[in-house]
Every structure is written in structure tokens, then in C-alpha cells.
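As C-alpha cells, the structure follows; a few thoughts come after it.
The values are calculated or read from the model by the stated rules, or taken from the named source; none is laboratory data. Predicted, not measured: the structure shown is a model, and the values here were computed from it. Backbone-built Cβ (ideal geometry, glycine too); neighbour counts: all protein chains shown. Remember, those area values only see protein heavy atoms, side chains included, never the ligands or the DNA or RNA. Shrake-Rupley method; radii C 1.70, N 1.55, O 1.52, S 1.80 Å.
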Amino acid sequence: MISLWTAPTANSQKVTVLLELLELHYELIWVDLAAGEHLAPDFLRINPVGRVPVIAEPDLDQPLYGTLAISQYLAEKTGRLMPKGLPKRARVQQWAAILASDLSPALSGQYYFSTLYPTTDASVVDLFVQTSHRLLEVMDRQLAASDFLAGDALSIADTLGYPVAANSVQRLDGGLSGYDHIRRWCDALSGMSAVQRGMAAGLGQSEDQAAS
Ligand SMILES: N[C@@H](CCC(=O)N[C@@H](CS)C(=O)NCC(=O)O)C(=O)O
């Protein structure tokens, strides 16, 4: 059984979608970020970084933090959603990192400075919005050329990307309008029942709640 400490955000969904696709058993432990639980000593003993998501399970010597590390670990552990052969694996790692380390932080910056900690300097929000669109354009061109982000097979690049496209991108004016290939890819993923279950679980909802 895998324990997942998390909060109801797209980062949580990146892990729960993967867990559902891999058909792994897991329990969710909710960390109340608004109440500061992620900075309490009990949680800092689990993850000194003071952030979620974090997983623990018997095969791990200590808890593992971060969507990218968790996704790579679970793919390696199960031998699924990661191709064989170094060049193909490197391509998956590249797209996984673009999603986790480039696009997600750009969208988080837009959300932080427009909504959570609003700034009067419009150029700050604009920088994050422009960076998000620059990356989305690259992602759209990639998906014009292949069914999935890192080629013809579903991989952890897609499980890291889908919650961002289906959830975080909606905070941008226009959402995914104009990104036809990302929308086609989202439609394909949203049709998978494991993805539906993972998207709902990551927000602490039932599938029915998530669909309504
Ligand atoms: N790079 C990390 C980002 C994780 C992250 O941003 N976690 C947020 C919740 S979605 C968090 O724990 N925020 C609390 C804080 O930073 O104080 C990942 O990909 O997992």
C-alpha cells in the first residue's frame, strides 16, 4: 500500500492519475495547506521541504517528494508508462521535466500573483502568462506530430501533463482555445476511466462529483 500525502491541486492529480493507471493501491492523507499543516514539525519530519505531494511505501527507504520523482519512481517500479531504450526514455524525461519544471511553475506564478498574492505590477503576471503560452505552443506543436507527448505511447509525460492542461490552464483567459492538438489529446485522456478516477481522487471528490 502506498501512502500519499497531498492537497487538492493539479499536483495531487498528477500522482493520483498515475496511481489509477498503474492500478496501485494507495491511501490519501490530506495536508491542509491553508492551516499550515505542511510546515508543522510532524509533516517536516516526513518531508523537510514542507511541500506535497509525498509518497511512502515499504520499498522506499524514506518518503519521496515531488511529482517528477514520484512519477519516475512508480514507472520504474512497475515497468509501465516508460518506454524501453535510452533515446525514448530520455524523450519522456524531457517532456516530464517540461511539464513539472517549466509549464507548471509558469502557471503557478500566474495564479500566485493574479489571485493568491495579487500584485499591482501587471508586468509580473504578464511574464508568467506569456511564458505559459510559449510553452503551450510548443506542447501543441508536439501533439500535432504525435498522439502522446513523448511519442506514440502513453507515458508519465502525459500523466504529468494532463492535470495541468485540464485544470491549471483553465485559469488563463481563453483556457485551451486555439490549442487544438492539446484539446484532442485531453479528450483522448479524459475518456480513460482510470484518468477520470485519478482526477476525482486528486481533488478528494467522487467521480460523480468530478463529472458534475
Ligand atoms: N515541484 C513540486 C511542486 C509541489 C508544490 O508546488 N506543492 C504545493 C502544493 S500543489 C505546496 O506544497 N505548497 C505549499 C508551500 O509551498 O508552502 C512538484 O512538482 O511536486
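So here's what we get for this one:
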{"quantity": "Dipole axis of the range 36-175 (+1 Lys, Arg; -1 Asp, Glu on Cβ), positive-most option in I55, L135, A69", "calculated": "A69"}
{"quantity": "Exposure ranking of D126, D42 by accessible area [1.4 Å probe, largest first]", "calculated": "D42, D126"}
{"quantity": "Solvent-accessible area per residue, Å², over the range 1-79 with all protein chains present [probe radius 1.4 Å]", "calculated": "49"}
{"quantity": "Relative contact order computed over the range 33-118 (Cα-Cα under 8 Å; 6+ residues apart), in percent", "calculated": "14"}
{"quantity": "222 nm mean residue ellipticity, helices alone, for the chain (DSSP H n ≥ 4; -39,500 (n - 2.57); rounded to 500)", "calculated": "-16000 deg cm²/dmol"}
{"quantity": "Cα centroid of the range 83-104 to Cα centroid of the range 19-67, whole Å", "calculated": "23"}
{"quantity": "Globularity index of the chain, i.e. its alpha-carbon radius of gyration over 2.2 N^0.38 Å", "calculated": "1.00"}
{"quantity": "Where the range 86-196 is the region considered: accessible area per residue in Å², 1.4 Å probe", "calculated": "49"}
{"quantity": "For the chain: relative contact order, % (alpha-carbon pairs under 8 angstrom, 6 or more apart)", "calculated": "28"}
{"quantity": "Portion, in percent, of the accessible area of the chain that falls on carbon or sulfur, probe 1.4 Å", "calculated": "52"}
{"quantity": "With DNA, RNA and ligands ignored, accessible area of H25 (1.4 Å probe; Å², nearest 10)", "calculated": "140"}
{"quantity": "Loop-resident sites, the range 92-130, for chymotrypsin sites (Phe, Trp or Tyr not before Pro), counting at most 16 other Cβ within 10 Å (DSSP)", "calculated": "none"}
{"quantity": "Accessible-area order (highest first, 1.4 angstrom probe) of the listed residues M192, M1, M82", "calculated": "M1, M192, M82"}
